[in-house]
Amino acid sequence: MFQPKRARFGGSMFIQCGKKSACEGHGGSEGFITHEGTRITDPKGTYKLGEAWKCSDQVWAYWTADATTASLGTVMAVGTMKSYVVLDDADEGLIPNDWDHKVVRVGGGVAGGLPRFGGSYLIQLDSTRAFEGKFEGKEFVGHDGDRREISKSDVYKLGEAWQCNGQVWAYWREEQKDLHAGWVTAVGSEKSYVEFDDGEKGPVPNSWIHKMVRFGGGAIRFGGSHLIHWDSTRAFEGKFEGNYFVAHDGDRREISKSDIYTLGEVWQCNDKVWTYWTEDHKYLHSGKVIAVGAEKSFVEIDAGDKGTVPNGWIHKMVRFSGGTARFGGSHLIHWDTTRAFEGKFEGNDFVAHDGDRREISKSDIYKLGEVWQCNDKVWAYYTEDHKYLNSGKVTAVGAEKSYVEFDDKDKGLLPNEWIHKMVSFQGNTSNLNNNNNESNMDNADS
(Lines give C-alpha, C1' and ligand atoms only; values in the text may rest on other atoms or scores of the structure.)
Protein backbone atom coordinates (compact mmCIF):
# COMPACT_ATOMS: atom_id res chain seq x y z
CA MET A 1 0.00 0.00 0.00
CA PHE A 2 1.36 3.43 -0.95
CA GLN A 3 0.95 6.50 1.26
CA PRO A 4 0.88 9.88 -0.61
CA LYS A 5 3.31 12.36 0.98
CA ARG A 6 1.68 15.74 0.56
CA ALA A 7 -1.03 18.00 -0.78
CA ARG A 8 -0.08 19.69 -4.05
CA PHE A 9 -1.71 23.02 -3.15
CA GLY A 10 -1.77 22.96 0.66
CA GLY A 11 -5.37 21.74 0.91
CA SER A 12 -6.80 19.74 3.78
CA MET A 13 -9.32 17.83 1.66
CA PHE A 14 -10.57 17.23 -1.87
CA ILE A 15 -13.79 19.02 -2.88
CA GLN A 16 -15.60 17.44 -5.80
CA CYS A 17 -16.00 20.23 -8.33
CA GLY A 18 -17.13 18.19 -11.35
CA LYS A 19 -18.60 14.82 -12.20
CA LYS A 20 -15.14 13.22 -12.35
CA SER A 21 -12.85 15.90 -10.93
CA ALA A 22 -11.90 17.34 -7.53
CA CYS A 23 -9.97 20.36 -6.23
CA GLU A 24 -7.90 20.71 -3.10
CA GLY A 25 -9.33 23.10 -0.54
CA HIS A 26 -10.60 23.70 2.97
CA GLY A 27 -13.97 23.50 4.70
CA GLY A 28 -15.44 25.80 7.32
CA SER A 29 -18.57 27.41 8.70
CA GLU A 30 -19.06 29.43 5.51
CA GLY A 31 -18.79 26.49 3.13
CA PHE A 32 -15.88 25.11 1.15
CA ILE A 33 -13.14 27.10 -0.56
CA THR A 34 -10.90 25.58 -3.25
CA HIS A 35 -7.19 26.34 -3.44
CA GLU A 36 -7.98 28.76 -6.28
CA GLY A 37 -10.33 30.75 -4.02
CA THR A 38 -13.62 29.49 -5.46
CA ARG A 39 -16.35 29.12 -2.84
CA ILE A 40 -18.56 26.02 -3.14
CA THR A 41 -21.60 25.98 -0.87
CA ASP A 42 -23.01 22.61 -1.93
CA PRO A 43 -20.22 20.33 -3.20
CA LYS A 44 -21.00 16.99 -4.81
CA GLY A 45 -18.77 15.43 -2.17
CA THR A 46 -15.79 16.02 0.12
CA TYR A 47 -12.95 13.51 0.31
CA LYS A 48 -9.90 12.88 2.44
CA LEU A 49 -6.52 13.91 1.06
CA GLY A 50 -3.44 11.72 1.35
CA GLU A 51 -5.25 8.41 1.85
CA ALA A 52 -3.13 5.30 1.24
CA TRP A 53 -4.02 3.25 -1.84
CA LYS A 54 -3.15 -0.05 -3.53
CA CYS A 55 -3.71 -1.82 -6.83
CA SER A 56 -7.35 -1.77 -8.06
CA ASP A 57 -8.28 1.15 -5.77
CA GLN A 58 -10.27 4.11 -7.08
CA VAL A 59 -8.22 7.29 -6.72
CA TRP A 60 -8.15 11.03 -7.27
CA ALA A 61 -5.09 11.55 -9.46
CA TYR A 62 -3.23 14.52 -10.91
CA TRP A 63 -2.60 13.68 -14.54
CA THR A 64 0.20 16.16 -15.28
CA ALA A 65 2.72 18.22 -13.31
CA ASP A 66 0.76 21.41 -14.01
CA ALA A 67 -2.76 20.00 -13.43
CA THR A 68 -4.78 22.06 -10.92
CA THR A 69 -7.58 19.52 -10.47
CA ALA A 70 -7.46 15.81 -9.71
CA SER A 71 -9.32 13.33 -11.93
CA LEU A 72 -11.16 10.16 -10.96
CA GLY A 73 -9.43 6.93 -11.96
CA THR A 74 -8.34 3.42 -11.01
CA VAL A 75 -4.86 2.10 -10.19
CA MET A 76 -4.17 -0.82 -12.54
CA ALA A 77 -0.53 -1.60 -11.69
CA VAL A 78 1.75 -0.42 -8.88
CA GLY A 79 5.43 0.53 -9.20
CA THR A 80 7.97 1.79 -6.69
CA MET A 81 8.03 5.36 -8.06
CA LYS A 82 5.21 5.46 -10.62
CA SER A 83 2.01 3.50 -11.08
CA TYR A 84 -0.28 2.86 -14.04
CA VAL A 85 -3.62 4.65 -13.69
CA VAL A 86 -6.64 4.52 -16.00
CA LEU A 87 -8.75 7.68 -15.66
CA ASP A 88 -12.51 7.57 -16.08
CA ASP A 89 -12.15 10.06 -18.95
CA ALA A 90 -10.14 7.41 -20.87
CA ASP A 91 -6.59 8.77 -20.36
CA GLU A 92 -4.17 6.18 -19.02
CA GLY A 93 -0.48 5.90 -18.23
CA LEU A 94 2.28 5.94 -15.61
CA ILE A 95 2.17 8.81 -13.12
CA PRO A 96 4.16 9.48 -9.92
CA ASN A 97 2.77 7.75 -6.84
CA ASP A 98 2.60 11.08 -4.96
CA TRP A 99 -0.08 12.27 -7.37
CA ASP A 100 -2.60 9.57 -6.38
CA HIS A 101 -5.00 9.70 -3.41
CA LYS A 102 -7.48 6.94 -2.54
CA VAL A 103 -11.14 8.01 -2.85
CA VAL A 104 -12.38 8.13 0.77
CA ARG A 105 -15.27 10.39 1.79
CA VAL A 106 -14.77 12.75 4.72
CA GLY A 107 -16.80 11.59 7.70
CA GLY A 108 -16.83 8.00 6.49
CA GLY A 109 -15.49 6.40 9.65
CA VAL A 110 -13.42 6.54 12.83
CA ALA A 111 -9.72 5.74 12.98
CA GLY A 112 -9.20 2.17 14.06
CA GLY A 113 -8.28 0.95 17.52
CA LEU A 114 -4.82 0.72 19.04
CA PRO A 115 -2.98 -2.42 20.21
CA ARG A 116 -3.36 -2.88 23.99
CA PHE A 117 -0.87 -5.73 24.33
CA GLY A 118 1.70 -5.04 21.61
CA GLY A 119 0.07 -7.27 19.03
CA SER A 120 0.34 -6.81 15.28
CA TYR A 121 -2.80 -8.80 14.34
CA LEU A 122 -5.95 -10.31 15.83
CA ILE A 123 -6.78 -14.02 15.72
CA GLN A 124 -10.25 -15.46 16.13
CA LEU A 125 -10.22 -17.98 18.97
CA ASP A 126 -13.85 -19.11 18.88
CA SER A 127 -17.23 -17.89 17.66
CA THR A 128 -17.19 -14.56 19.56
CA ARG A 129 -13.61 -13.95 20.82
CA ALA A 130 -10.26 -12.78 19.43
CA PHE A 131 -6.75 -12.15 20.82
CA GLU A 132 -3.93 -9.82 19.90
CA GLY A 133 -0.69 -11.46 18.93
CA LYS A 134 2.13 -11.89 16.43
CA PHE A 135 3.42 -14.43 13.92
CA GLU A 136 6.32 -16.79 14.50
CA GLY A 137 6.79 -18.88 11.39
CA LYS A 138 3.50 -20.66 10.74
CA GLU A 139 2.24 -20.10 14.28
CA PHE A 140 0.29 -17.24 15.83
CA VAL A 141 1.45 -16.39 19.35
CA GLY A 142 -1.15 -14.67 21.52
CA HIS A 143 -0.07 -11.87 23.85
CA ASP A 144 -0.49 -14.31 26.76
CA GLY A 145 2.01 -16.74 25.22
CA ASP A 146 -0.47 -19.30 23.89
CA ARG A 147 0.29 -20.37 20.35
CA ARG A 148 -1.50 -22.18 17.55
CA GLU A 149 -0.90 -23.07 13.93
CA ILE A 150 -2.67 -20.42 11.88
CA SER A 151 -5.14 -20.42 9.05
CA LYS A 152 -5.35 -17.15 7.13
CA SER A 153 -9.13 -17.22 7.53
CA ASP A 154 -8.77 -16.83 11.32
CA VAL A 155 -6.50 -13.78 11.22
CA TYR A 156 -7.82 -10.20 11.25
CA LYS A 157 -6.13 -6.85 10.80
CA LEU A 158 -5.60 -4.68 13.86
CA GLY A 159 -6.43 -0.95 13.83
CA GLU A 160 -8.80 -0.88 10.85
CA ALA A 161 -11.07 2.20 10.63
CA TRP A 162 -14.75 1.58 11.45
CA GLN A 163 -18.07 3.39 11.33
CA CYS A 164 -21.64 3.20 12.62
CA ASN A 165 -23.37 -0.14 11.94
CA GLY A 166 -20.03 -1.78 11.21
CA GLN A 167 -19.13 -5.24 12.54
CA VAL A 168 -16.14 -5.02 14.89
CA TRP A 169 -13.84 -6.67 17.41
CA ALA A 170 -13.77 -4.66 20.67
CA TYR A 171 -12.54 -4.88 24.25
CA TRP A 172 -15.43 -4.69 26.74
CA ARG A 173 -13.68 -4.03 30.07
CA GLU A 174 -10.29 -2.62 31.11
CA GLU A 175 -9.34 -5.93 32.75
CA GLN A 176 -10.32 -8.12 29.79
CA LYS A 177 -7.49 -9.61 27.73
CA ASP A 178 -9.64 -10.70 24.78
CA LEU A 179 -11.82 -8.88 22.26
CA HIS A 180 -15.45 -9.72 21.51
CA ALA A 181 -17.41 -9.63 18.28
CA GLY A 182 -20.13 -7.00 18.00
CA TRP A 183 -21.66 -4.07 16.14
CA VAL A 184 -21.19 -0.31 16.55
CA THR A 185 -24.66 1.23 16.96
CA ALA A 186 -23.72 4.82 17.87
CA VAL A 187 -20.52 6.84 17.38
CA GLY A 188 -19.09 9.41 19.81
CA SER A 189 -15.96 11.54 19.77
CA GLU A 190 -14.22 9.50 22.51
CA LYS A 191 -16.51 6.53 23.17
CA SER A 192 -18.95 4.63 21.00
CA TYR A 193 -21.81 2.27 21.76
CA VAL A 194 -21.21 -1.38 20.93
CA GLU A 195 -23.73 -4.22 21.04
CA PHE A 196 -21.78 -7.47 21.50
CA ASP A 197 -22.82 -10.79 19.99
CA ASP A 198 -22.76 -12.41 23.46
CA GLY A 199 -25.45 -10.01 24.74
CA GLU A 200 -23.38 -7.31 26.47
CA LYS A 201 -23.79 -3.70 25.33
CA GLY A 202 -22.54 -0.26 26.29
CA PRO A 203 -20.10 2.57 25.49
CA VAL A 204 -16.42 1.67 25.08
CA PRO A 205 -13.36 3.82 24.23
CA ASN A 206 -12.91 4.24 20.47
CA SER A 207 -9.32 3.02 20.77
CA TRP A 208 -10.63 -0.40 21.87
CA ILE A 209 -12.61 -0.94 18.64
CA HIS A 210 -11.30 -2.58 15.45
CA LYS A 211 -13.27 -3.12 12.23
CA MET A 212 -13.57 -6.82 11.32
CA VAL A 213 -11.25 -7.12 8.30
CA ARG A 214 -9.72 -10.50 7.54
CA PHE A 215 -5.96 -10.54 6.99
CA GLY A 216 -6.22 -13.28 4.41
CA GLY A 217 -8.58 -14.67 1.84
CA GLY A 218 -10.36 -18.00 1.77
CA ALA A 219 -9.81 -20.88 4.15
CA ILE A 220 -8.51 -24.38 3.37
CA ARG A 221 -11.44 -26.82 3.13
CA PHE A 222 -9.68 -30.07 2.15
CA GLY A 223 -6.15 -29.80 3.52
CA GLY A 224 -4.60 -28.50 0.30
CA SER A 225 -1.50 -26.33 -0.01
CA HIS A 226 -2.33 -24.86 -3.44
CA LEU A 227 -5.06 -24.75 -6.09
CA ILE A 228 -4.79 -26.26 -9.56
CA HIS A 229 -6.74 -25.05 -12.58
CA TRP A 230 -8.24 -28.42 -13.56
CA ASP A 231 -10.38 -27.56 -16.58
CA SER A 232 -12.09 -24.54 -18.17
CA THR A 233 -13.79 -23.07 -15.07
CA ARG A 234 -12.85 -25.42 -12.18
CA ALA A 235 -10.00 -25.72 -9.69
CA PHE A 236 -9.18 -28.22 -6.93
CA GLU A 237 -7.25 -28.04 -3.67
CA GLY A 238 -4.29 -30.37 -3.46
CA LYS A 239 -0.59 -30.87 -2.83
CA PHE A 240 2.60 -31.64 -4.72
CA GLU A 241 4.26 -35.04 -5.05
CA GLY A 242 7.37 -34.70 -7.19
CA ASN A 243 6.28 -33.44 -10.60
CA TYR A 244 2.63 -34.27 -9.91
CA PHE A 245 -0.21 -32.35 -8.34
CA VAL A 246 -2.48 -34.59 -6.27
CA ALA A 247 -6.00 -33.24 -5.80
CA HIS A 248 -7.71 -33.79 -2.45
CA ASP A 249 -9.88 -36.54 -4.00
CA GLY A 250 -6.78 -38.51 -5.06
CA ASP A 251 -6.74 -37.62 -8.76
CA ARG A 252 -3.29 -36.63 -10.00
CA ARG A 253 -1.74 -35.03 -13.04
CA GLU A 254 1.65 -33.84 -14.21
CA ILE A 255 1.87 -30.17 -13.38
CA SER A 256 2.51 -27.04 -15.35
CA LYS A 257 3.43 -23.96 -13.32
CA SER A 258 0.87 -21.94 -15.25
CA ASP A 259 -1.98 -24.06 -13.81
CA ILE A 260 -1.04 -23.57 -10.15
CA TYR A 261 -2.61 -20.86 -7.96
CA THR A 262 -1.87 -19.84 -4.39
CA LEU A 263 -4.48 -20.63 -1.76
CA GLY A 264 -5.85 -18.09 0.73
CA GLU A 265 -4.92 -14.90 -1.13
CA VAL A 266 -6.55 -11.65 0.03
CA TRP A 267 -9.30 -10.36 -2.30
CA GLN A 268 -11.56 -7.35 -2.66
CA CYS A 269 -14.49 -6.13 -4.75
CA ASN A 270 -14.10 -6.68 -8.53
CA ASP A 271 -11.29 -9.22 -8.12
CA LYS A 272 -11.18 -12.40 -10.22
CA VAL A 273 -11.42 -15.33 -7.80
CA TRP A 274 -11.73 -19.06 -7.29
CA THR A 275 -14.67 -19.91 -5.01
CA TYR A 276 -16.69 -22.83 -3.73
CA TRP A 277 -20.35 -22.47 -4.74
CA THR A 278 -22.13 -24.77 -2.25
CA GLU A 279 -21.27 -26.72 0.89
CA ASP A 280 -21.35 -29.95 -1.14
CA HIS A 281 -19.01 -28.80 -3.91
CA LYS A 282 -15.57 -30.39 -3.78
CA TYR A 283 -14.12 -28.02 -6.39
CA LEU A 284 -13.93 -24.26 -6.90
CA HIS A 285 -15.33 -22.19 -9.77
CA SER A 286 -13.81 -19.16 -11.45
CA GLY A 287 -15.73 -15.92 -11.01
CA LYS A 288 -15.70 -12.30 -9.90
CA VAL A 289 -16.55 -10.61 -6.57
CA ILE A 290 -19.31 -8.03 -7.19
CA ALA A 291 -20.11 -6.95 -3.60
CA VAL A 292 -18.31 -7.50 -0.29
CA GLY A 293 -19.97 -8.22 3.05
CA ALA A 294 -18.63 -8.85 6.54
CA GLU A 295 -19.35 -12.60 6.43
CA LYS A 296 -20.61 -13.31 2.90
CA SER A 297 -19.95 -11.69 -0.46
CA PHE A 298 -21.75 -11.71 -3.81
CA VAL A 299 -19.93 -13.58 -6.57
CA GLU A 300 -20.80 -13.96 -10.25
CA ILE A 301 -19.53 -17.39 -11.38
CA ASP A 302 -18.17 -17.61 -14.95
CA ALA A 303 -20.40 -20.66 -15.55
CA GLY A 304 -23.49 -18.48 -15.02
CA ASP A 305 -24.42 -18.93 -11.35
CA LYS A 306 -24.45 -15.91 -9.03
CA GLY A 307 -25.16 -15.32 -5.36
CA THR A 308 -23.67 -14.85 -1.89
CA VAL A 309 -21.08 -17.27 -0.55
CA PRO A 310 -19.11 -17.33 2.73
CA ASN A 311 -15.95 -15.22 2.58
CA GLY A 312 -13.94 -18.23 3.73
CA TRP A 313 -14.74 -19.99 0.44
CA ILE A 314 -13.23 -17.26 -1.76
CA HIS A 315 -9.61 -17.09 -2.97
CA LYS A 316 -8.15 -14.37 -5.17
CA MET A 317 -6.80 -15.69 -8.48
CA VAL A 318 -3.03 -15.36 -8.01
CA ARG A 319 -0.79 -17.66 -10.00
CA PHE A 320 1.82 -19.57 -8.03
CA SER A 321 4.29 -18.90 -10.83
CA GLY A 322 5.11 -16.37 -13.49
CA GLY A 323 4.26 -16.43 -17.19
CA THR A 324 2.75 -19.29 -19.16
CA ALA A 325 3.99 -21.07 -22.27
CA ARG A 326 2.33 -19.63 -25.39
CA PHE A 327 3.80 -22.08 -27.91
CA GLY A 328 4.23 -25.27 -25.92
CA GLY A 329 7.86 -24.64 -25.01
CA SER A 330 9.63 -25.99 -21.94
CA HIS A 331 12.37 -23.32 -21.75
CA LEU A 332 13.44 -20.02 -23.31
CA ILE A 333 16.56 -19.43 -25.39
CA HIS A 334 18.33 -16.08 -25.73
CA TRP A 335 18.34 -15.95 -29.53
CA ASP A 336 19.95 -12.57 -30.27
CA THR A 337 20.52 -9.19 -28.60
CA THR A 338 17.08 -8.53 -27.05
CA ARG A 339 14.99 -11.52 -28.19
CA ALA A 340 14.19 -14.97 -26.83
CA PHE A 341 12.11 -17.87 -28.15
CA GLU A 342 10.18 -20.68 -26.55
CA GLY A 343 11.28 -24.15 -27.50
CA LYS A 344 12.43 -27.62 -26.49
CA PHE A 345 15.57 -29.74 -26.50
CA GLU A 346 16.48 -32.40 -29.04
CA GLY A 347 19.84 -33.88 -28.16
CA ASN A 348 22.28 -31.01 -27.97
CA ASP A 349 20.05 -28.72 -30.03
CA PHE A 350 17.43 -26.24 -28.90
CA VAL A 351 14.47 -26.24 -31.30
CA ALA A 352 12.43 -23.04 -31.26
CA HIS A 353 8.66 -23.29 -31.64
CA ASP A 354 8.94 -22.06 -35.25
CA GLY A 355 11.30 -24.93 -36.15
CA ASP A 356 14.60 -23.05 -36.13
CA ARG A 357 17.33 -24.86 -34.23
CA ARG A 358 20.80 -24.23 -32.87
CA GLU A 359 23.36 -26.00 -30.73
CA ILE A 360 22.80 -24.85 -27.20
CA SER A 361 25.02 -23.13 -24.69
CA LYS A 362 23.93 -23.24 -21.05
CA SER A 363 24.40 -19.50 -20.77
CA ASP A 364 21.69 -18.93 -23.41
CA ILE A 365 19.00 -21.02 -21.71
CA TYR A 366 16.42 -19.46 -19.38
CA LYS A 367 13.68 -20.99 -17.29
CA LEU A 368 10.08 -20.52 -18.37
CA GLY A 369 7.36 -19.48 -15.92
CA GLU A 370 9.57 -18.08 -13.15
CA VAL A 371 7.88 -15.87 -10.54
CA TRP A 372 8.62 -12.14 -10.92
CA GLN A 373 7.92 -8.90 -9.09
CA CYS A 374 8.34 -5.16 -9.52
CA ASN A 375 11.79 -4.07 -10.79
CA ASP A 376 12.72 -7.59 -11.97
CA LYS A 377 14.48 -8.11 -15.30
CA VAL A 378 12.17 -10.20 -17.50
CA TRP A 379 11.45 -11.75 -20.86
CA ALA A 380 8.00 -10.72 -22.13
CA TYR A 381 5.81 -10.87 -25.21
CA TYR A 382 4.95 -7.32 -26.36
CA THR A 383 1.83 -8.01 -28.46
CA GLU A 384 -0.53 -10.86 -29.26
CA ASP A 385 1.14 -11.20 -32.68
CA HIS A 386 4.73 -11.42 -31.41
CA LYS A 387 6.21 -14.91 -31.69
CA TYR A 388 9.25 -14.03 -29.61
CA LEU A 389 9.92 -12.37 -26.25
CA ASN A 390 11.89 -9.20 -25.62
CA SER A 391 14.10 -8.33 -22.66
CA GLY A 392 12.89 -5.62 -20.30
CA LYS A 393 12.02 -4.62 -16.75
CA VAL A 394 8.74 -4.67 -14.79
CA THR A 395 8.14 -1.17 -13.42
CA ALA A 396 4.56 -1.52 -12.09
CA VAL A 397 2.58 -4.61 -11.07
CA GLY A 398 -1.17 -5.15 -11.46
CA ALA A 399 -3.56 -7.99 -10.65
CA GLU A 400 -4.02 -9.00 -14.31
CA LYS A 401 -1.64 -6.76 -16.28
CA SER A 402 1.71 -5.15 -15.44
CA TYR A 403 3.79 -2.38 -16.99
CA VAL A 404 7.01 -3.41 -18.72
CA GLU A 405 9.71 -1.12 -20.11
CA PHE A 406 11.63 -3.00 -22.81
CA ASP A 407 15.33 -2.62 -23.53
CA ASP A 408 14.46 -1.66 -27.13
CA LYS A 409 12.51 1.36 -25.70
CA ASP A 410 8.97 -0.02 -26.23
CA LYS A 411 6.78 0.02 -23.13
CA GLY A 412 3.26 -0.91 -22.18
CA LEU A 413 0.74 -2.70 -19.97
CA LEU A 414 0.91 -6.44 -20.67
CA PRO A 415 -0.96 -9.56 -19.48
CA ASN A 416 0.91 -11.08 -16.53
CA GLU A 417 1.04 -14.49 -18.21
CA TRP A 418 3.23 -13.04 -20.99
CA ILE A 419 5.98 -12.15 -18.52
CA HIS A 420 8.80 -14.44 -17.31
CA LYS A 421 11.52 -13.53 -14.83
CA MET A 422 15.02 -13.75 -16.31
CA VAL A 423 16.47 -16.80 -14.56
CA SER A 424 19.30 -18.67 -16.28
CA PHE A 425 18.95 -22.43 -16.44
CA GLN A 426 21.45 -24.04 -14.05
CA GLY A 427 22.34 -27.65 -14.62
CA ASN A 428 23.34 -30.22 -17.19
CA THR A 429 21.38 -29.73 -20.41
CA SER A 430 21.78 -33.41 -21.24
CA ASN A 431 19.16 -34.12 -18.58
CA LEU A 432 16.58 -31.85 -20.16
CA ASN A 433 15.30 -34.21 -22.82
CA ASN A 434 13.64 -36.32 -20.14
CA ASN A 435 12.70 -33.45 -17.87
CA ASN A 436 11.07 -30.78 -19.96
CA ASN A 437 8.84 -29.86 -17.04
CA GLU A 438 11.79 -28.91 -14.85
CA SER A 439 10.51 -26.73 -12.03
CA ASN A 440 10.80 -25.87 -8.39
CA MET A 441 7.49 -27.50 -7.51
CA ASP A 442 9.20 -30.16 -5.41
CA ASN A 443 9.94 -27.39 -2.95
CA ALA A 444 6.54 -25.72 -3.13
CA ASP A 445 5.50 -26.88 0.33
CA SER A 446 8.80 -26.00 2.00
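The values are calculated or read from the model by the stated rules, or taken from the named source; none is laboratory data. Please read these numbers as outputs of a predicted model, since none were measured by experiment. Counting neighbours? That spans all protein chains shown, and the Cβs are built from the backbone with ideal geometry, glycine included. With ligands, DNA and RNA removed, areas are computed over all heavy atoms of the protein, side chains included. Shrake-Rupley method; radii C 1.70, N 1.55, O 1.52, S 1.80 Å.
Here are a few things to note about the model shown:
- Shape call, region 350-421: gyration tensor on alpha carbons, a/c limit 1.5: prolate
- Relative contact order for the chain, counting Cα pairs under 8 Å that sit 6 or more residues apart, in percent: 10 percent
- Net charge dipole size for region 120-213 [Lys, Arg +1 and Asp, Glu -1 on Cβ; Debye, nearest 20]: 280 debye
- Pairs from the list 134/191; 134/239; 367/401; 48/82; 316/377 with a Cα-Cα gap above 24 Å: 134/191; 134/239; 316/377.
- Estimated at 0.36 nm per residue, the fully extended path between residue 90 and residue 281 surpasses their Cα-Cα distance by 64.7 nm.
- Positive-end ranking of 35, 309, 340 along the dipole of the chain, with charges on Cβ about the Cα centre, is headed by 35.
- Across the accessible surface of the chain, with the other protein chains kept in place and a 1.4 Å probe, carbon and sulfur atoms take up 45 percent.
- Distance between region 329-395 and region 30-101 - C-alpha centres, whole angstrom: 39 Å
- Diffusion coefficient, µm² s⁻¹, Stokes-Einstein with Kirkwood Rh over alpha-carbon pairs of the chain at 4 °C and 1.567 mPa s: 52 µm²/s
- Rounded if a/c under 1.5, otherwise prolate or oblate - region 153-194, Cα gyration tensor axes: oblate
- For the chain, the longest site-free run once GluC sites (Glu not before Pro) in DSSP loop states with at most 14 other Cβ atoms within 10 Å are removed: 37-173
- 15 Å beta-carbon shell around residue 394, net charge (K/R +1, D/E -1): 0
- Cα gyration tensor shape of region 227-386, rounded if a/c is under 1.5, else prolate or oblate by comparing a/b with b/c: prolate
- A Gaussian network model of the chain, with springs between Cα atoms under 10 Å, assigns the largest mean-square fluctuation among 393, 211, 177 to 177.
- Placing +1 on the Cβ of every Lys and Arg and -1 on the Cβ of every Asp and Glu, with no other charges, gives the chain a dipole of roughly 700 debye about its Cα centre.
- Residue-span extension gain [residue 146 to residue 41] - 0.36 nm each, minus C-alpha spacing: 32.2 nm
- Listed residue (247, 331, 289) projecting farthest to the positive dipole end of the chain, Cβ model: 289
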